[in-house]
Amino acid sequence: MRTAAGPRVTPALVGSAGVGSARVTGAPKAGPASSFPHIPGSWRSWLWLAVPLLFVAVFFAYPLAQIGAQSFQDKYGAGVGLANWQYELSSAAVQKATAATLKIAALSTLGALLLGTFIALALSFVPFRGAGLVTRLIETVVSFPSFLIPLAFSILYGRTGVVNSVLGQLAPGLPALNFVNDVPGVVLAEVAFYTPFVVRPLLAVFSQLPRELLDVAGSLGSGPLAIVRTVILPAGLPALAASAGLTFLLTMNEFGIILFTGAKNVMTLPMLIYTRSIVTFDMPSAAVIACIQVALSLGVYCLYRWTYKKLSGANHAAPR
Amino acid sequence: MLLHAKSARLATWTLLAAALLLLVAAPLLVTFMAAFAGSWNGVLPAAPTLRHVAGALAADNFSSLVVSLQTAVFASLLAVLLGTWAAVCSASAAASPGLARLADAVFHLPAAVPSVVVGLGLLTAFSKPPLLLNGTVAIVVVAQSMLVLAFAYSTVSAAARGQDPMVALAAASLGASQLRVLLTVRLPLLLPAIAAAAGLAVALCMGELGATVMVYPASWRTLPVTVFALVDRGALFDAAANTLVLLAVTVAVLAVIAKCRGNSAVR
Amino acid sequence: MLSTMKKSRRAAPAAGHPTPAAAVEPENAVELRDVSVSYGTTVALSGLSLAVARGETVALLGPSGSGKSTALKAIAGFERPSSGRVLLDGVDVTDASPARRGIGVVVQQYALFPHMRVDANVAYGLKARRMPKAEIAARVKAMLEMVGMEGHAHKLPRQLSGGQQQRVAIARALAIRPQVLLLDEPLSALDASLRAEMLLELQALRAELPDIAMVYVTHDQSEALTLADRIAVMRNARLEEIGTAEQLYSRPAGAFTAKFLGGASLLPAISTTVVPDGGAMGSVLAGAHRMKAVAPFAVNPGGRVLVAVRPHAWKLAAGSPAAAAGWAGDGAGDGYTVNSLPGRVESVQWRGAGHRLQVDLIGLSERVTVDLPAMSAVPAPGDLVVLTVEPQHAVLVPAGEL
């Protein structure tokens, strides 16, 4: 059939062959071939999605479920009911770690937001030659390992670091500068690392803002600060809120920076999970703390997605 | 254009320069200088030496580097493959918002959970039957790829959803099967996004610490773990040298990916 | 085993047809039977039945949102009808994917493959059909020559102008030698002068492809009138009416068509005569004015109708200002002269090829559009005029809502 209807030179003949052969292979009746794989939303999409879903199920959902199960068992796998939970929830270490986690995340987020907004504003609206290069540099920094910053901090400001040895030479009696191994050092390092996460989305939004808008606002008599407050920041609000949520989530989950500062008195939930499971092998305790941490993280995550959707949606509906 | 007074502009630029210097330049610069410093007791490092860098490229440390590179490449390949797969499926399902939303939620979720917890979960789940992975290389690869899957997925799915659906439909109308449309039209058009996802994934995997430190077997120590061990011992200059090597190799891998991406764009 | 089963199943529909040469070909290349398409609660196309014969061009004409593009997508297989059947050459393809339909499609933004050069774009469908390489090269060359793009074979789409991209898209669609060619607003992305040029080229192309059935979606009536053998006027997801351009233009069956195709003015009127079958002259009373017009359908005395008159059909009565003054003088007038309507010129617009007047009819509270040929005497805004129209150039349409 196919060869009989094969391509010929005369347009008319081959023309009919074109449709003819299409019809032969068409079999437009019954069978899976007749479903609409090319039409979005068919059951086939679900089937295909099953492969990556399975990966996430096996290597993410199942492990989380196992942590959940472990939190109700003792070291040997025997069920202990709510005993682990009761013990951990009432333990001062866990309570302090939760408070420390939230405090460090909040401070770091605040710092990153302030610094990031300033950098984005300056790069976007007070441009200079090389601003593009700086932007690209900031984008690169995002993919660097987070421990780069605490490492540099340790070299500079650590107990035996550069600053302390210089200070020691200049004024021998002075007590050593020691903030790196404490909350301020951790917060500073996290601000340094997470500021680019605020800068990037803001730069994207600011680049969309028509320059004429600023000129018009200026010609109407607004000063620079008023323009920032009334024109620029409202436009950047959804992006700012999204970055705030994301930064809070990531700083809450941060582990590398805190581990590297080696601060004994900075014990956050991720650090506590690490210590309990890897250092002291107390898996039931680690599991309970992990559950608390996951609950917090997912809560913040949902809040972040919800706010972002609301804000960006509202902004689309009623552009200012 | 916002600030017209020269003094105000200068003040802003000074502040900006200070902030950038502190945030971006200082850590890099300090790491770089420390990596080549024999001692650093004054304002500037003294007694420049290649000892630390040479140490980073020798024996144990070098094997850490190779381990990191292998893990990052495999984990990224896995993550980009699965992320692209999921992104293409969820973009095809744009007309059924339920499916797209489910995919979005599921594939973004691993990034919302701390890496330490991801590691703990793998450790808890796969230290016992039915699947024993604890102590294997696979568990490190799986941990890292799970952590970067969300980034790979969101990068590719943004591009896939931006694609003009008519291009794929036009290909189908010309007689191309679903598979052919995917291989000859949709995926080639997604290549830039896939390359970007791969670059990001490799960079993140190379520096991954939280999950790796939970699951790595003694025989498969990645470079960040080695750097941490050095810092813990107080060998800061050696740590700096190893970090520098890590950064250099990461940048090299990114350059290779960017090159592939450039070639694919020309074709 | 499986593959043989597949083969036999695939061959089955063909068995119904004898070999192509001996086949008694069904008359219609494309047939839609009561096709509806809906997305959730939105109905994009409602109960469309349409047949396109071999060698025929049917234009789907309508404003945006009228369902014309949806109809085209249903034929191409880009949309799944929620009910109804789609037939190609008498074979039901409602459930077949686009790949299996063998239809050439040219879409609005051309949808060229941006990563492939022009020749690869044109060869795409042939490769998908696993045509031998040598034949592909020859076919691609012939197609590019046909659309005058042979000099651009190795360029990427982004290196081409809009008109050139358009030609490549047509070459790509025709390379698979389809029996049916669908064009979805193919000229809408081009600027005005290029559009006129491409319209001529499409007309020439049409003449070169006498066996292909073409479905041409457009919102531009001049494109439809130029290219189409028949025009299907679409509105609100429905087929309003279908007919030859001549039929629709001179004897529109509905008010919407009369207005959309040719911009007719519509005057509400009451029938005063019996026209049993249609086709004869009918007499009506528009306000106080007696009018005669073609009645294509049966009318009875007292029936409400609309008198459709196209801008070109109006004439200015000689010595009109005075006569108009007379009309205006005795108010509603006695309707003495048939098809003469007094009015006041509201605006005059010079359009190069003539003048376009907006005239407010006195005693009817209707504003009509009048196109005067070049070189004719032109009244000024505010002037009183008397408009006349030949009875055979006025047509009655049913008084439907617009």
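The values are calculated or read from the model by the stated rules, or taken from the named source; none is laboratory data. Just so you know, these numbers come straight off a predicted model, no measurement behind them. In this analysis, Cβ positions are derived from the backbone assuming ideal geometry, glycine residues included, and neighbour counts consider all displayed protein chains. When the accessible area is computed, the model is the full protein with side chains, heavy atoms only, and any ligands, DNA or RNA have been set aside. Shrake-Rupley method; radii C 1.70, N 1.55, O 1.52, S 1.80 Å.
Annotations for the structure displayed:
- Single condition residue A:205 does not satisfy, out of (1) more than 12 Å from chain B (Cβ to nearest Cβ); (2) farther than 21 Å from residue A:236 by Cα: (2)
- Within the range C:79-92, the only residue that satisfies the criterion of being within 25 Å of residue C:55 (Cβ to Cβ), open to solvent by 10 Å² or more (accessible area, probe 1.4 Å) and not in a strand (DSSP E or B) is C:90.
- The range C:114-130, subset crowded, with 24+ Cβ neighbours inside 10 Å and more than 12 Å from chain A (Cβ to nearest Cβ), residue farthest from residue C:34 (Cα to Cα): C:118
- As a summary of the residue check, residue A:126 satisfies the conditions (1) buried (at least 17 other Cβ atoms within 10 Å of the Cβ); (2) more than 7 Å from chain B (Cβ to nearest Cβ); (3) farther than 27 Å from residue B:33 by Cβ except for the one numbered (2).
- Residues being of a type in the set (Val, Ile, Thr) and open to solvent by 30 Å² or more (accessible area, probe 1.4 Å) - total across the range A:52-75: 1
- Criterion (surrounded by fewer than 23 Cβ atoms within 10 Å (Cβ to Cβ), over 30 Å from residue A:284 (Cβ atoms), modelled with pLDDT under 90 and more than 7 Å from chain A (Cβ to nearest Cβ)) met by exactly one of B:131, B:102: B:102
- Candidates A:239, A:244 - the one that is assigned to a helix (DSSP H, G or I) and over 20 Å from residue A:103 (Cβ atoms): A:239
- Wholly within the range B:151-246, helices (runs of 4 or more DSSP H) carrying at least 1 residues that are in contact with a helix residue (DSSP H, G or I) (Cβ under 7 Å, 6 or more places away or on another chain), basic (Lys, Arg) and open to solvent by 10 Å² or more (accessible area, probe 1.4 Å): B:178-181
- Condition met for residue C:73 (open to solvent by 30 Å² or more (accessible area, probe 1.4 Å), among the basic types (Lys, Arg) and more than 30 Å from residue C:249 (Cα to Cα)): no
- Conditions (1) touching a residue at least 12 places away in the same chain (Cβ under 8 Å); (2) facing another protein chain (nearest Cβ under 7 Å); (3) of a type in the set (Gly, Ala, Ser): number failed by residue A:152: (1)
- Of the residues making up the range A:84-105, those that are assigned to a helix (DSSP H, G or I) and open to solvent by less than 50 Å² (accessible area, probe 1.4 Å) number 10.
- Pairs with Cβ under 6 Å, 6+ apart, first in the range B:8-25 and farther than 13 Å from residue A:199 by Cα and open to solvent by 50 Å² or more (accessible area, probe 1.4 Å), second hydrophobic (A, V, I, L, M, F, W, C) and not in a helix (DSSP H, G or I): B:9/A:126; B:9/B:3
- Search result, residues across the range A:280-298 that are open to solvent by 10 Å² or more (accessible area, probe 1.4 Å) and of a type in the set (Gly, Ala, Ser): A:295
- Enumerated helices (runs of 4 or more DSSP H) restricted to the range B:1-107, each holding at least 1 residues that are in contact with a His (Cβ under 7 Å, 6 or more places away or on another chain) and on the phi < 0 side of the Ramachandran plot: B:26-35
- Residue match in the range B:199-212 (condition: β-branched (Val, Ile, Thr), over 30 Å from residue C:178 (Cβ atoms), in contact with a Leu (Cβ under 9 Å, 6 or more places away or on another chain) and in the same structural domain as residue B:76 (by TED's automatic domain parsing)): yes
- Any hit, the range A:181-196, residues being surrounded by fewer than 19 Cβ atoms within 10 Å (Cβ to Cβ) and either more than 26 Å from the chain's Cα centre (by Cα) or at the interface with chain B (Cβ under 9 Å from one of its Cβ atoms) (or both): no
- Residue among B:179, B:200 that alone is farther than 30 Å from residue B:135 by Cβ and within 13 Å of chain A (Cβ to nearest Cβ): B:179
- Residue in the range C:180-192 that is touching a Pro at 6+ places or on another chain (Cβ under 7 Å) and surrounded by fewer than 19 Cβ atoms within 10 Å (Cβ to Cβ) present: no
- Among the residues making up the range C:1-46, those that are closer than 20 Å to residue C:96 by Cα and at pLDDT 90 or above are C:29, C:30, C:31, C:32, C:33, C:34, C:35, C:36, C:37, C:45.
- For residue A:164, the conditions (1) within 12 Å of another protein chain (Cβ to nearest Cβ); (2) modelled with pLDDT of 80 or more are fulfilled apart from (2).
- There is no residue in the range C:282-292 that is within 25 Å of the chain's Cα centre (by Cα), open to solvent by less than 50 Å² (accessible area, probe 1.4 Å) and not basic (Lys, Arg).
- One residue from B:246, B:179 being assigned by TED's automatic domain parsing to the domain that holds residue B:65 and at pLDDT 90 or above: B:246
- Scan of the range C:202-242 for residues that are open to solvent by 50 Å² or more (accessible area, probe 1.4 Å) and closer than 20 Å to residue C:143 by Cβ, ordered by number: C:203, C:204, C:207, C:208, C:210, C:211
- Single match in A:245, A:256, A:218, A:223 (criterion: open to solvent by 10 Å² or more (accessible area, probe 1.4 Å) and in contact with a Phe, Trp or Tyr (Cβ under 6 Å, 6 or more places away or on another chain)): A:245
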